[in-house]
């Protein structure tokens, strides 16, 4: 059995152990670690769906998101805010503990940050393409800081519920450095949340 296959088998056993002991956070982490190695792993995907269907978690999250905004407001940007909030609450990636999301790596990204905030808070999505173009231009102008800019952009997208865009940035990062475990882990989270957003029980 090759090393990656052995690692995945070990992580599945660990996830099952934590599920049996109702340690949902640790079980979810193991599932994302599996998906970072094999993004099509059906066992990990199914276990995550099981974890996020636990009654206590669903009830707690439903109460939490109701405090975030008017629960009767069905506008797309409010749904995206609830989804982003849910991800931020449940993600256990250590990188979120680093206080480096607010400071832009280069000055040109200040406008990008403003556009993303306006879309997140108010639903002003019409300038999102400008934000992407500003990011691409910043990468081109500051090639030596490209990775720093990419990480900043991926985090901005992730924290605001633009999971598909975060996937695109992280995929590009990994095309140049496949040995980055943090990027692989966050990409696994982003893919799962992108693909399962419509089935999150407390947002239904």
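The values are calculated or read from the model by the stated rules, or taken from the named source; none is laboratory data. All values reported here derive from a predicted model rather than from experimental measurement. In this analysis, Cβ positions are derived from the backbone assuming ideal geometry, glycine residues included, and neighbour counts consider all displayed protein chains.
Within this structure, residue 129 fails the test of being at pLDDT 95 or above and either closer than 25 Å to residue 35 by Cβ or surrounded by 14 or more Cβ atoms within 10 Å (Cβ to Cβ) (or both).
Residue 22 satisfies every condition listed in (1) over 22 Å from residue 183 (Cα atoms); (2) crowded, with 17+ Cβ neighbours inside 10 Å; (3) not assigned by TED's automatic domain parsing to the domain that holds residue 122 except (2).
Restricting attention to the range 164-204, the residues being within 15 Å of residue 52 (Cα to Cα) and assigned to a loop (DSSP other than H, G, I, E, B) number 2.
On inspection, residue 161 passes the criterion of being under 28 Å from residue 82 (Cβ atoms) and not in a helix (DSSP H, G or I). With respect to the conditions (1) touching a helix residue (DSSP H, G or I) at 6+ places or on another chain (Cβ under 8 Å); (2) not assigned by TED's automatic domain parsing to the domain that holds residue 194, residue 90 falls short on a single one, namely (2). Every condition in (1) outside any helix (DSSP H, G or I); (2) assigned by TED's automatic domain parsing to the domain that holds residue 32 holds for residue 107 except the one numbered (2).
Run residue 45 past the list (1) surrounded by 13 or more Cβ atoms within 10 Å (Cβ to Cβ); (2) free of Cβ contacts under 8 Å to residues at least 12 places away in the same chain and report the number of the one that doesn't hold. Tallying (1) surrounded by 13 or more Cβ atoms within 10 Å (Cβ to Cβ); (2) free of Cβ contacts under 8 Å to residues at least 12 places away in the same chain, residue 45 fails exactly one: (2).
Just to be sure, is residue 168 more than 23 Å from residue 66 (Cα to Cα), surrounded by fewer than 19 Cβ atoms within 10 Å (Cβ to Cβ) and modelled with pLDDT under 95? Reasoning before the result, please.
Working: more than 23 Å from residue 66 (Cα to Cα): yes; surrounded by fewer than 19 Cβ atoms within 10 Å (Cβ to Cβ): yes; modelled with pLDDT under 95: no.
In short, no.
Can you find a residue that is at pLDDT 95 or above, in the same structural domain as residue 91 (by TED's automatic domain parsing), surrounded by 19 or more Cβ atoms within 10 Å (Cβ to Cβ) and not in a helix (DSSP H, G or I) anywhere in the range 134-149? Scanning the range 134-149 turns up no residue that is at pLDDT 95 or above, in the same structural domain as residue 91 (by TED's automatic domain parsing), surrounded by 19 or more Cβ atoms within 10 Å (Cβ to Cβ) and not in a helix (DSSP H, G or I). The set of residues from the range 72-104 being part of a loop (DSSP other than H, G, I, E, B), surrounded by fewer than 16 Cβ atoms within 10 Å (Cβ to Cβ) and in contact (Cβ under 8 Å) with a residue 24 or more places away in the chain comprises 75, 92, 93, 100, 101.
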